[in-house]
Each structure stands twice: as structure tokens, then as C-alpha cells.
4 protein chains.
Amino acid sequence: MQRQDTPTTDNHATIPAAERHTATSARRARRSDPNRKQRIIDACLDVIAERGVAGTSHRIVAEAADVPLGSMTYHFDGFDDLIFQTFSHYARQAAERFRTRMEQARTRDDACEAIAETIADDLLGTHRDMVINLELYAVAARKPQFRDIMTEWTETVLTSMASFFDPQTAKLLDDVIEGITIHRAMAVPHPSVERTREDARDAIARILTRAV
Amino acid sequence: MQRQDTPTTDNHATIPAAERHTATSARRARRSDPNRKQRIIDACLDVIAERGVAGTSHRIVAEAADVPLGSMTYHFDGFDDLIFQTFSHYARQAAERFRTRMEQARTRDDACEAIAETIADDLLGTHRDMVINLELYAVAARKPQFRDIMTEWTETVLTSMASFFDPQTAKLLDDVIEGITIHRAMAVPHPSVERTREDARDAIARILTRAV
Amino acid sequence: MQRQDTPTTDNHATIPAAERHTATSARRARRSDPNRKQRIIDACLDVIAERGVAGTSHRIVAEAADVPLGSMTYHFDGFDDLIFQTFSHYARQAAERFRTRMEQARTRDDACEAIAETIADDLLGTHRDMVINLELYAVAARKPQFRDIMTEWTETVLTSMASFFDPQTAKLLDDVIEGITIHRAMAVPHPSVERTREDARDAIARILTRAV
Amino acid sequence: MQRQDTPTTDNHATIPAAERHTATSARRARRSDPNRKQRIIDACLDVIAERGVAGTSHRIVAEAADVPLGSMTYHFDGFDDLIFQTFSHYARQAAERFRTRMEQARTRDDACEAIAETIADDLLGTHRDMVINLELYAVAARKPQFRDIMTEWTETVLTSMASFFDPQTAKLLDDVIEGITIHRAMAVPHPSVERTREDARDAIARILTRAV
DNA sequence: AATGAATGAGACTTCATTCAT
DNA sequence: AATGAATGAAGTCTCATTCAT
């Protein structure tokens, strides 16, 4: 309780007490829904891809995941936590995909191809991934916690490339991956996957030519 | 309104109660205010930098610009228009800055240095620019309209480089600029401006070595 | 935006942005409603009397005052401010009533009768006043700001009695007023107004007998 | 939940997210917990003292008592029952304390001193008791059921005084006790215990002087 | 006997926008 | 031309309570 001109931290009051709702409406039974939390995260990812973080809300995600609104703050410690866990999950998955691709590479050429494929297929292949990436960047630029997600991701990428490229080259390649991703994302109309793959191959080749 | 914000005390950002509306009359009294619209745009840019598009609202911008709330929908055709014009202004300004830098370059080495400076000083020099850039990217990824802003910007950049580099090299350089910008933005802690400039120089050099 | 285990003050996020409700439903026109704020306060007093502060909410008060929910936080700086202003108004009014009664008294006996009437009619006459009084006490016990309301009230009461009683006697009388009020409020069933007035007269007489 | 609360940082009072439910298993492990119900009541009293009935909820009490949320509705028949039993316990205890004090009195003077001590030490000695008292009054004013608690308490008080004072005097004394208690509770800043005891002695003396 | 999981209702607040002035 | 007043929708979050285990 606070007077009108005395700003305090306590400005989100809540429910009264004592006399609360006594109505006992009929309830749908939907208990015991395993991995509901994961379903919410997946749905949240979809929503972010479609409407951006700015357009994401508990209600919309709950609807997308087909869970009651109350589930949101039950499973997540507030909206911010939802966003954090969602991006965290996404980044981990993306990093894993990249590592898998690199692990399957035998030669340096294989590795280059894997990178090109990552750019063209994983990062830009779908509008979805593209948007999520950029939304994550935007948030991370302002929130240190989200930068940690990025750090982890970057480390996995660089580590995965370590077998084929020296650290400096790997970093440069990583920069280029990023740059191409963004620029193609911004292009209107978006270039085709094939075209993007070509461009990626060329860029990588140019960088490596000198390093050889 | 504050969603993905760094925690602030947020004392006066909130809407005043009814009385306060009239109580603040002394503060304003700003009849005949030329370029009020521009002041709103500048304030909006500040707000976006600090709270992201998700945390931006008419009220907060109005407060930051010290204009009445009614001004917002009077000068802008709704919220989206405000954001669009704001980003549009920003991008044009950034492109102009880059062109000026390049125009002052005489040799190819000058040009490289200008690029490095752009990365280190203009795009990453301030947290502000970094955040605004990424916010713009995020929006642009989802809204074609905003992609036009990016297109214009990119064209100015490539055109400015045309005197010193062949198209393909310019594009690659542009990609690297982007990649470095992002990766440094994500790094924790942010590397120093000097360090960033060094890295940028190296990356550019590597790319050009082979092209020469 | 905050990670799950990092308690920050920033835990009441709000609206997204950019893509918000564009629906323009038909609106009732109810502009220009003078002293709407006072009507809300009156309604709030009714609600408190009926359900206690614990049972009071923006929604319920808005409904009682027949104003849209949005009006509540428009006219008041949050729930706490509403409660504060409501009690403040009530206390001022009650103090005024008491002063008027005392001002009309000519003799000491008149004053005694005025006090008895205050107890029986003003403070206990209606269930409404009784409840509001006690709710105010309860809040004031925990919130210093509300204690200020009480202080002002008490001062008015003591000042009003100054013409007829020495300070110490006035204070004792005030204490007795309070005590009778409470005890009768707690009695089950509530004694009649007449009975209460009798009791008050007796108590006052007893206190004054010795002082004479 | 916090409505009319003094501003607190409120870190751990909030509900944990889903995972945290299981994460805290180490903390509890309290099988076979005798007088758990009493522990809940004690905790509830603390919560009421700190946040008022309006700020009390099942969750907060459960947290304060370190029992699982489900315990609340298991041991109590809903929220109102919890509040009722809590106040009931408190009043019985307070009445008992008063009776003990009076039983130890031998002379009428002893009795007067016991009353003064009750006011100064028991009712006002701690902020806690003061708040709880007034919260109880407020609820009792609106709910007959709670008035029964008060009736029982008052009867014990009057009975305890019967050995030393005639009924009418006892009643008046009781009124004064009440009045002083409230007025001191409202004073800002609260007078010291010693000062309060003095005042109480004086008031009692004045009342009795005439009666003698 | 006891409790973790879950939920629908409702809490406060802020929002973009409209409209009379 | 400009704006203060006002509002319905939607925001996040907490609530008491139920129920399967």
C-alpha cells in the first residue's frame, strides 16, 4: 500500500483474501500431461517466429500449446523465464545440429560443405529459424543472461570447427556465417536455398584460399 | 510497460493518475513546437535502445520526448508507423555516416580503415547502436516493409564501396562487417573498441589478401 | 526479463507492442463525467463497508460506481492510492461532523451530549461507519501513511473538545469514545442506538464527576 | 500476494515454478509431523501481523509454516476456516494471559497495575499483537462468527475483573483499555512502553477515584 | 493420510486509440 | 492544430481449490 507519490517496489498488488470466489464450476479433467512443459516451449518458439518476442504473450502461447493460461506461470517462473528457457532450448538444439554435421565430416572439404549447409538449410532454410535467430540476438544485446546462451552456442561452433581449421580461421568463418545469414535474411525477396548455398561456398572458399 | 528490460526502478515512467495530468502543466507549456516530430523520433530511438521494441509504447516515448500522449497519434499513424519512421530515420543516418567515411577515403587502405572504424565506432561503439541495429534486424526479418529499410541501407553501403572493391569482394566485406558486429555484440564482456578495431582490420586484411 | 533464479524487481512485465489489438469495437460514449472521481470514492467506501479492504478490488468498485475498469487506474495511482484517498476522505468528513457538533454546543453538558451522540449516531449508528472505522484502524496499524489520517482526525477531535475540557480529560474522553465504539461494535447482538447513547452518557458522566 | 503491505523485497514468498516443486524435496522430508496444524496457525498469525488478512493467502502461510500447499486445505476447511481458527487461538491465548495476570493480583492496586501492564505489554508491547488485534476487530465487525470470538474474550476479561471491581466499573475500565490501546496504536511515532504504562495508570486512577 | 500437479477465475495494471474540446 | 480525458482489451501473475496418486 503506498501513497500516490511515494514510489515503492511494491506496486503489483494482487488478490484480496477471505472472501474469494467460491464458485465451483465444472472442470475439464486434463491431469497428468507429461512433457507439457516441452510442448509449451515448442509452441512459444512458433509464436516468437511468427510474431516476435514483442508479439508473444502468455495467452497466445497457451493457446498455441493448447494448455490453460494458468499453466504458463505454473511451469515457468514468469514471462521472462519462459522466453529464456525457450531460447535456451533453441540454441542448444541448433548447436547440437551443427556439431553433428561437423562430426560427420571427414575432410576439410566436407567441413566446408557442412558449413554451407548449415547456413543455407539450418539458419536460413526456414523463415522460422531466421526470425528466431534474430530475435535472440536482439534480446541478447540487451540482456546479459541471454548473452550466455549465445556464448555457449558460439563455443560449441568453434569447438566443432577446431578439427579442421585453426582458431583464427574458425572465428572468421563464424563471422562470415553470421554475416551471410543476416544479409540473406534481410534481402528482399529471400534468395533460394540453392543460391544461398552457392554463395556460402564461394565465401568460404575465398577465405580459405589464402589460408592454405 | 517493461517486458524485456533490464531492471530499472522505473519511478516516473508510469502513467500519472488523473490529477497529475493537470499538475504537470507547469512542466510543459510548449506551444508552437517546431520539429516536435523529430524530437519524438529521437526519443523513440532512445527508448528502443533501452527497452527494445517490445518494451516501447506510446506513453513511454511521449514521456521521454516530453510531449503529451495525444501527440503520438497525432503525428504518427499509429504505433507501427512510429516504429517504422524511427528505424527509417536511423538507417538513413547510419548509411549516410558510412558514405561520408568512404568518400573521405583516398586509397584502398583508407577504405579498409574506414570500414574498421565503422564497425568499431559506429556499429559497436555504443551499446545504443548495437541494440538498435539488432532490433531493426529482428523486426525486418518478419516485416517486409522494414526489409525495405535494410535494402536501402545495404545498397548505400555497397555503392560506397564500389570505388575500391569489386562487387563480390564488397559483398563479402559487408558480410564480414555484419558478422563481426554481431559476434562482438554477443561477446561477454564486450571487447574494447580498440580490440574490435584490430580484429576488424585483421579480418578485412585476410579477405583482401587473396583478392589482390 | 530475468532468469529463473535471479530475483529482480522487474517481475511484472506487461504488454507486447508493435502488433497489438487493432479491433475497434463500438464504444459507448460516456465522456465528460464530472466528479466521477468522487463517485468512485463513495462507491469504494460502500464496498469496504460491505466486504472489508480484503474484499475490495478494482473490479468490484468499478462496478459499484458504474465506471469502466480502466477508470480506476486512470483516476487513482493504483489500488493503494484508491484505498488511501478513500479513507482520507472518510476521516476528514467524520472529523468535520464532530467539529460541527461541538461547535453547536454551548454548555459543557451540551458537549457531553454531543459526544454521546457522536458515539451512538455517527460511529455506531450504521454498520457502515463501524466497519469502515475498524478497517481504517487495521490498515493504519500496519501502514504509517494511514496513521497520518488518524493523526489528523484525532487532532481535530481534541481541538474541538478544547473549549470544554482540559487536555487530559479530553484525551481520556477520546479514549473512552474509542473503547465504547469498539466494544459495542463487537457485541452480539449490537445494542440499540438508544441504549448505546445511554451507556455513553454514563461513561462520560463518570469520568467527569471526579474531574469537577 | 501482497496488497496492503509495507514494501518488501519479497524474494522467496512467490510461488516456485514447476521444477522448483520437486527441487525442494530435500528441504522438507517431514513425514509424521505432529502438531503441524498448530504450526500452521502460528505461521498464519505471523503472516497476518505482517501483511494483514488482506495480504494473507494459503500459499504464503504454507511457505511461512514450511508445509506443502496441499496441507492447507487438508487441515483446514478452506481459507475462512483457517483465519477463524487462527484468530480463535489468538484470542483464547490473550484472554488466558489476562486472567493469569488478574489471578496473581491480591489487592485492588495489584489489579490496576495488572491492567496497565496488559495494555502496555500484551496489547501494545509488540507491533505484532497490535496489528492482530485490529485485524480481528475489523473482521469481527463484518462477520458474526468472529464476533463470538470477541464475546468469549470479553467475558473472560470481565469475569477476571469481577473480584476487584463492580460490573459497571469493570466495563468502563475495559472500554478505556480498548481506547488507549487503539489510540496509542495510531500514534505516530508509537509511544514507549513505559510511557504507555504511565498513561494507562493515570487513566485507570481517574476512573476509580470517583468510584471509591 | 497426505500432497504435488494442475486450473479457471480474477487480481492489478498498462496499453493504443478515440473523441470532445 | 493539438491534447486531455477516457476506455475496452489485453497484459502478467496469484489465487483457492480440486483431484489423482
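The values are calculated or read from the model by the stated rules, or taken from the named source; none is laboratory data. For clarity, every value in this text was computed on a predicted model and none was experimentally measured. Cβ: placed from backbone, ideal geometry, glycine included. Neighbour counts: every protein chain shown.
Couple of notes before you dig in:
- Some residue of segment C:77-89 being away from DNA strand E (no atom under 16 Å from the Cβ) and farther than 18 Å from C:A203 by Cβ: yes
- Elements of the type helices (runs of 4 or more DSSP H) sitting completely within segment C:68-148 and holding at least 2 residues that are crowded, with 22+ Cβ neighbours inside 10 Å and among the basic types (K, R): there are none.
- Members of segment D:112-126 that are out of contact with any Phe, Trp or Tyr (no Cβ under 7 Å at 6 or more places or on another chain), of a type outside the set (D, E, K, R) and at pLDDT 80 or above: D:C112, D:A114, D:I115, D:A116, D:I119, D:A120
- Matching residues in segment C:57-67 - criterion: being in contact with a helix residue (DSSP H, G or I) (Cβ under 7 Å, 6 or more places away or on another chain) and part of a helix (DSSP H, G or I): C:H58, C:R59, C:I60, C:V61, C:A62, C:A64, C:A65
- Pairs, first assigned to a helix (DSSP H, G or I) in segment D:44-56, second aromatic (F, W, Y), C-beta under 7 Å, six or more apart: D:L45/D:Y90
- Residue check: A:M150 meets all listed conditions (1) away from every other protein chain (no Cβ under 14 Å); (2) of a type in the set (A, V, I, L, M, F, W, C); (3) closer than 21 Å to A:R184 by Cα but one, namely (1).
- Considering segment C:185-198, the residues that are more than 9 Å from chain D (Cβ to nearest Cβ) and in a helix (DSSP H, G or I) include one that is farthest from D:V139 (Cα to Cα), namely C:E198.
- Condition check for D:A170 on (1) closer than 18 Å to C:E178 by Cα; (2) hydrophobic (A, V, I, L, M, F, W, C); (3) within 11 Å of chain C (Cβ to nearest Cβ): one failure, at (3).
- Filter result for D:I83 (more than 23 Å from C:V139 (Cβ to Cβ), touching a Ser or Thr at 6+ places or on another chain (Cβ under 9 Å), modelled with pLDDT of 90 or more and outside the structural domain of D:A200 (by TED's automatic domain parsing)): no
- Of all residues in segment B:142-194, those that are closer than 21 Å to A:R201 by Cβ, charged (D, E, K, R) and in contact with a Gly (Cβ under 6 Å, 6 or more places away or on another chain) total 2.
- Check on D:M72, within 14 Å of another protein chain (Cβ to nearest Cβ), farther than 23 Å from D:A205 by Cα and within 16 Å of DNA strand F (Cβ to nearest atom): yes
- Residue ID - nearest to C:D199 (Cα to Cα), chosen from residues in segment D:165-193 that are in contact (Cβ under 8 Å) with a residue 60 or more places away in the chain and of a type outside the set (S, T, N, Q): D:I177
- Total residues in segment B:109-147, condition within 13 Å of chain A (Cβ to nearest Cβ) and either over 13 Å from the mean Cα position of the chain (by Cα) or of a type outside the set (D, E, K, R) (or both): 23
- D:R184 being assigned by TED's automatic domain parsing to the domain that holds D:A114, within 20 Å of the chain's Cα centre (by Cα) and under 16 Å from C:A170 (Cα atoms): yes
- Within this structure, B:I60 fails the test of being buried (at least 21 other Cβ atoms within 10 Å of the Cβ), closer than 18 Å to A:R51 by Cα and in contact (Cβ under 8 Å) with a residue 12 or more places away in the chain.
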